Structure formats: C-alpha cells, structure tokens
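Structure, as structure tokens:
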Amino acid sequence: MKRAKPFYDLVPAGLLITLVAMGAPACLGGGNGDAPPRNANPTACNGRADLCDRSFEQMTMVSTHNGMSNAADGWELPNHNVGIEQQLQDGVRVLGMDIQVHDDVVKLCHTFCQLGERLLLDALLAVKDFLDNNIDEVVVIDFQDDSGDIQALADVFGESGLLPYIHSQPVGQPFPSLAEMIASGQRLVVFGTSSQDTPDWYLDYWDFIWVTWYGTSTTAEMTCDLDRGEPDSPLFQLHHTLSDPFPDRQLAVTANSNPFLIERAIDCWAETGKRPNLISVDFYDIGNVFEAVDILNNLDSPDEYVPE
C-alpha cells in the first residue's frame, strides 16, 4: 500500500531543471545572452579533470531538494541554510526549484507562497551570472511546475538570457560529455513535466529520470525501490531526505552523514544496476554529501567500494 506523503511535500516532484555548471579559464564568446562563454579545451569539468570525458549517465551530482527554500532568505520551514547563489558556489550542480504563477508573475515557492517566494527571473539571472563566471561548470535545475503556463516560463527564460546556454537532448540518445557541453557553451539542462506543448529545450522529466520514494521520516523507510518513472530511463535520482513532517537539520545529520549516505547509494547502485546520478538532499551543507559524491565518482561499479 502506498505510503502517505508528508504534509510539506504534498505536491509530487515533477519539474526538474537540471543546470550543469563548471568553472575555469580560457573563454571563447561573450556572456551577454547572444553567445554563451565557451572553453574549447577544459582541463577540469565540474571541478574534476576526470569528469571531462564523462556524461551525466556516468557521474553523480549533488541535488538540492526544494533548493529555493532556505533560511538565509527568510523562508519558513526551509530545506536549506543558504540560497541558490551559495549552493552553486559550494558545488551543488542540480537545483530543485518549484514554480507557481501569481498575478501573472512566475515565482519560486513550494505549495504555499506564504512560506517564502522569489521571482523566477531573479533566480535565473543568478544562475546565468554563475555560468558566465564559471565556464567549466554544467548545472541542472529541477522544476516542480505548478504554474500551468509553459509560455510564461519560456518568456522568463528568454528575458534572463539563458536560452543560448540550454542543451536540447534528444530522447534515446546518450548525453554528450561534460567537455563537449562546455565547448559548445550549452551547459544548462532543463528537465520538467508539463501537459502542454513544450520547447525542445524543456526536457520531459519522465523521459530521462526515474526516482525513489522521498516521503520518509526514518532511515528504515528508505529503500531503493522505484517510485516514479521508468527503470530504463538513463538517469537515476536517489531521493535521500527525511522529514517529520517538515525538513529538520537534525534529521539531515542522520541522513547526510557517512557511512549511512554512501552505503545507501552503493546498495542502491548494486540493487538496481544503475549509478545514482542525482542525489537529492535537504541541508546539503550538513553531513558528508560532497564526500559521498566524490567517492561515487571515483568508482566505475559498486563492487569497487571498500568501506573504511
């Protein structure tokens, strides 16, 4: 029998915009929205030289669940301590963002905008600034779309100047390597769900990603079972959050600390045969999230993992 989702996450995760950003020198092209900055020969991609030849399917990234909801910006019941600008600086490369339309304006907010909100345009301008100044980075945005207005969303992207940065990925084809994305300048990937006709750059979440259950309050409830999507989708998102019923820093200590985090990721890799590509967490700066992702990116299979 299906478990009830926690009150704070009543809205199903759907709109995932995946932004991929990488930082470095040697820029070709401009950063004004006409042509994205490019680096034809990156020496490090998303912070590591060994990731340059890899595609999304071959690597693991930190994903912030409800990334827009944060204490620093004054949100109630926040999922994180700091906002998306600091998240990107800290190494987060997948941003979960929920959107709604109020008074004909597209805003970031989760379920109830009284808990916190931010103009989508403002957030996208921050992402563009990061991509402009970190030309060897690839970023993923995870949009849960409650706007019901894909044209309004597209208009905001056009206004932000990000459209030239977005990578359009054909269904059924492997993703290019990070180095290839960096060389092209198209280092922003946008995933989402919509019942409307969408632009080519707006990738249908369910065509590309399958996910585990996210409404857990104890570690014993965390499994590797498929919750939504198709298991043959190219990307595996491992939801790794605890809420009871709201996000809590002490719960994040439990969820995000090793060896529990790394061992759950390894177990799910072994059980499903799929590398966890996106590890979605609350309070990413608590625990050992980046350490776990680094360990996973050092492995070609779960069998190579040696517990400390």
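The values are calculated or read from the model by the stated rules, or taken from the named source; none is laboratory data. Values in this document were obtained by computation on a predicted structure and should not be read as measured data. Glycine gets a Cβ as well: all are built from the backbone with ideal geometry, and neighbour counts include every protein chain shown. Note: accessible area is taken over every heavy atom of the protein model, side chains too, but ligands, DNA and RNA are not part of it. Shrake-Rupley method; radii C 1.70, N 1.55, O 1.52, S 1.80 Å.
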- Note on the structure: Flagged in segment 195-210 as over 22 Å from G161 (Cβ atoms) and in contact with a helix residue (DSSP H, G or I) (Cβ under 7 Å, 6 or more places away or on another chain), in numbering order, are Q196
- Query: Counting only residues that are more than 19 Å from the chain's Cα centre (by Cα) and in a helix (DSSP H, G or I), how many does segment 144-153 have?
  - Reply: 3
- Task: Could you tell me whether segment 35-43 includes any residue that is of a type in the set (G, A, S) and modelled with pLDDT under 95?
- Result: yes
- Sole miss for V156 among (1) under 29 Å from F290 (Cα atoms); (2) open to solvent by 10 Å² or more (accessible area, probe 1.4 Å); (3) at pLDDT 95 or above; (4) touching a helix residue (DSSP H, G or I) at 6+ places or on another chain (Cβ under 8 Å) is condition (1)
- Tally of residues being open to solvent by 10 Å² or more (accessible area, probe 1.4 Å), at pLDDT 95 or above, hydrophobic (A, V, I, L, M, F, W, C) and touching a helix residue (DSSP H, G or I) at 6+ places or on another chain (Cβ under 7 Å) across segment 80-105: 0
- Query: Say we look at segment 57-76 and pick out the residues that are of a type outside the set (S, T, Y) and either modelled with pLDDT under 95 or in contact with a Ser or Thr (Cβ under 8 Å, 6 or more places away or on another chain) (or both); which of these is nearest to I141 (Cα to Cα)?
  - Reply: H65
- Task: Of the conditions (1) touching a residue at least 40 places away in the same chain (Cβ under 8 Å); (2) touching a His at 6+ places or on another chain (Cβ under 9 Å), L261 clears all except one; give me its number.
- Result: (1)
- Near pairs, Cβ below 9 angstrom, 6+ apart or cross-chain, from segment 114-133 (aromatic (F, W, Y)) to any residue that is at pLDDT below 95: F130/L19; F130/A21; F130/G23
- Name the residues in segment 263-287 that are closer than 27 Å to A71 by Cα and out of contact with any helix residue (DSSP H, G or I) (no Cβ under 8 Å at 6 or more places or on another chain), would you? L278, S280
- Query: Within segment 168-197, which residues are among the aliphatic types (A, V, I, L, M) and either free of Cβ contacts under 8 Å to residues at least 60 places away in the same chain or more than 23 Å from D53 (Cβ to Cβ) (or both)?
  - Reply: V171, V190
- What number of residues within segment 109-123 are modelled with pLDDT under 95 and either polar (S, T, N, Q) or open to solvent by less than 10 Å² (accessible area, probe 1.4 Å) (or both)? 4
- Item | Subset tally (residues that are surrounded by 17 or more Cβ atoms within 10 Å (Cβ to Cβ), of a type in the set (G, A, S) and more than 28 Å from T272 (Cβ to Cβ)) for segment 177-189 | 2
- Message: Only one of R93, R48 is basic (K, R), in contact (Cβ under 8 Å) with a residue 12 or more places away in the chain and in contact with a strand residue (DSSP E or B) (Cβ under 8 Å, 6 or more places away or on another chain). Can you tell me which?
- Response: R93
- Name the strands (runs of 3 or more DSSP E) wholly inside segment 47-143 in which the number of residues that are among the hydroxyl-bearing types (S, T, Y) is 2 or more. 61-64
- Query: Among the residues of segment 286-308, which ones are farther than 15 Å from D90 by Cβ and within 19 Å of the chain's Cα centre (by Cα)?
  - Reply: I295, L296, N297
- Please go through segment 162-176 and pick out each residue that is assigned to a loop (DSSP other than H, G, I, E, B) and buried (at least 19 other Cβ atoms within 10 Å of the Cβ). L162, H167, Q169, F175
